Amino acid sequence: MEDYSEAAGHDATWVGVTRFTLFRDRLDRVFSCRRYAVAEGADGQLSLDILHAELTERDVKTFPTLDPELVVRADLSGSPGWSHEGTRWLLASSAFGKLDEVPWPQKSTTKQRVAQQPTDEPDEPTLFDHLTSDEQAGLATLMTGSKLDLHTLIVGHSLDAEHGDRELVIGQPRLNSGGGSAWYWKHDLLPAPPLEGGRLRPSAPAPVGPDTTPDAPVKLRRPAAEQPTRGQAGR
């Protein structure tokens, strides 16, 4: 927001694209994904230098402490996603103050597929409760082809560029073709952000002279396509 200026030619499109790009980058950093993936045996200080490059002092101070293997990248049809123990989340923007009314039928096909998932709330009524058991079974068969490989949630975010207000939630979207709430449930992520942190802090100062120690074996993180599926996550 310190860079944003209408006088400089910035507009809502610039704000939206920049917000999404930085959001994706920060999640990749904190979860050690893609360009920030950590190799086994990598120097802790070097890893920190890469993770903290170009971040503000506040960003570095509040960087959470997370195991680099905790979360993996799990994109869905080109939409950036991250997963942990069989649950994936994608990003979706909204007009400020309109997160409860996100029109999923007007979003991308990928977001519509996510919003079509059955709710994980057992007592939540659905549009198909009036159908007979045979009709519901037939409908389930038709929808099998679009079944997602992982249970998928949405992180909804919005920003009021003029006043700097923001919204950030995670929840299960509801395909609101006939109106109504855009979520089966959602949780506000802003009230309790991490207060302090820092990952991969080196246990000893970085060497200042030539290092004659043999290189340690390096094992790179597997590509997302080779990561375990939801059914394998608990094995």
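The values are calculated or read from the model by the stated rules, or taken from the named source; none is laboratory data. Just so you know, these numbers come straight off a predicted model, no measurement behind them. FYI the Cβ positions are ideal-geometry reconstructions off the backbone, even for glycines, and counts take in every protein chain you see. Only protein heavy atoms, including side chains, enter the accessible area calculation; ligands, DNA and RNA are left aside. Shrake-Rupley method; radii C 1.70, N 1.55, O 1.52, S 1.80 Å.
Sorting 20, 31 by solvent-accessible area of protein heavy atoms yields 20, 31, largest first, with a 1.4 Å probe.
Take the Cβ atoms of residue 5 and residue 58, set R0 to 25 Å, and the FRET efficiency comes out at 0.75. Annotation: amide H-H contacts under 5 Å for residue 166 (H modelled 1.01 Å from N, sequence separation of 5 or more, or interchain): 160. With a simple spin-label model that places each label point 7 Å from the Cα along the Cα-to-Cβ direction, the separation between residue 109 and residue 151 comes to 2.7 nm. Once backbone amide H atoms are built at 1.01 Å from N, residue 88 has 151, 152, 153 as its partners under 5 Å, excluding neighbours fewer than 5 places away on the same chain. A simple spin-label model places the labels of residue 20 and residue 177 2.5 nm from each other, with each point 7 Å out along Cα-to-Cβ.
Phi angles of the stretch 152-168 translate, via the Karplus equation with coefficients 6.51, -1.76, 1.60 and θ = phi - 60°, into HN-Hα couplings of 10, 10, 10, 9, x, 9, 8, 8, 9, 4, 5, 10, x, 6, 8, 9, 8 Hz per residue; Gly and Pro are given as x.
Under 5 Å from the amide H of residue 72 lie the amide H atoms of 83, each residue being 5 or more positions distant or on a separate chain, with H modelled from the backbone and absent for Pro and chain starts. Ordered by 1.4 Å accessible area with all protein chains kept, 175, 150 run largest first as 175, 150. Across the stretch 64-109, the relative contact order, built from alpha-carbon pairs under 8 Å that are at least six residues apart, equals 20 percent. Ordered by solvent-accessible area of protein heavy atoms (1.4 Å probe), largest first, the residues 46, 99 come out as 46, 99.
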